[in-house]
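Take a look at the structure below.
No value in this document is a laboratory result; all are computed from the given coordinates. If you're wondering where the values come from, they're calculated on a predicted model, not measured in any experiment. No Cβ is skipped: glycine too gets one built from the backbone with ideal geometry, and neighbour counts run over all protein chains shown.
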Amino acid sequence: MQTQKINFTSMKLKLLSLAIVALVSTSAFSQSFKIGFKGGANINKLSGQSFKENFSFGYQLGGFVELGLGKKFAIQPEVLFNQFKTDTSSTFSSIYPSFNKVKNIKLNYLSIPILLNYNVANILTLQAGPQFGILMDQNKKLLQNGQDAFKSGDFAMLGGVQLKLLKFRIYGRYAIGLTDINNITNSDKWKSQSFQLGVGISL
């Protein structure tokens with residue numbers, strides 16, 4: 001457990017440092033600067049034999065910075081609190097007999113997307129980029145001798161669209177996890193996917 005805590009702290013510092021470096025480096029070349037807040041819903045699912053195939057609802061809340069790179073492009077780093085919900089499947093106990101079959105699993109992530117925006121029109125923007133996730137809290141009932149079932153970090157790719165209406169933002173994204181977050185065994189890959197819908201406002 002002590003090693004996991006150290007790894008968690010180290011990963012958190014590295015990801016936050018990466019976000020700061022990206023923000024500072026692009027600020028030097030940016031032609032505009034906007035900051036704002038956003039929030040919305042997550043429609044999540046974990047792939048793998050251990051979890052149900054249906055999607056569950058969570059939420060996200062945080063802030064963003066938009067750094068303009070000319071008329072068409074911008075960099076948009078964000079820091080979000082993301083809640084991810086899921087349920088284990090009926091086969092979970094047979095796959096992992098030493099772990100408890102738990103419903104209503106909640107995973108809370110500190111997510112750091114770094115998006116490239118392409119302005120198709122005055123109100124329409126295409127977005128794509130990586131998202132780094134740090135697991136802040138997980139359901140502690142799904143444990144074995146103190147072992148966490150989920151890894152402390154997740155890496156995903158995002159793609160979506162955003163509508164700009166004056167200072168308001170309306171966005172929809174799809175996120176696909178590229179990291180196996182199964183911390184129990186390598187035999188069953190656990191990967192996240194989610195649809196993100198929300199609104200924001202720039203100051």
Practice prompt. With a point put 7 Å past each Cα toward its Cβ, work out how far K72 is from K189 in nm, to one decimal.
Written response: 3.5
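Report the local net charge at F64: Lys and Arg +1, Asp and Glu -1, summed over other residues whose C-beta lies under 11 Å from its C-beta. If you can, show how the numbers build up before the last one.
Details: positive: K34, K38, R169; negative: E66, E78.
Local charge sum for F64: +1.
Between Q49 and M157, 0.36 nm times their residue separation minus their Cα-Cα distance comes to what?
On the way: separation 108, 0.36 × 108 = 38.88 nm, distance 2.25 nm.
Value of the extension gain: 36.6 nm.
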Worksheet item: Each label point is 7 Å from the Cα along the Cα-to-Cβ direction; what then is the distance between the points at V199 and I170, in nm?
Response: 0.9
Practice prompt. For the pairs K38/K71; K71/K191; K38/K106; K106/K189; K38/K85, note any where the Cα-Cα span goes beyond 30 Å.
Written response: K71/K191
Response to the item:
In nm, the gap between the two label points placed 7 Å beyond Cα toward Cβ at F57 and Y118 is 3.3
Practice prompt. Pick out, in residue order, every one of the GluC sites (Glu not before Pro) in the range 37-130 that is DSSP loop and has at most 16 other C-beta atoms within 10 Å; say none if there are none.
Written response: E53
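What's the local net charge at L158, with K and R +1, D and E -1, over the other residues with C-beta under 13 Å away? Before the final figure, lay out each step's value.
Details: positive: R173; negative: E78, D154.
Local charge sum for L158: -1.
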Worksheet item: How do I184, I123 rank when sorted from fewest to most other Cβ atoms within 10 Å of their own Cβ?
Response: I123, I184
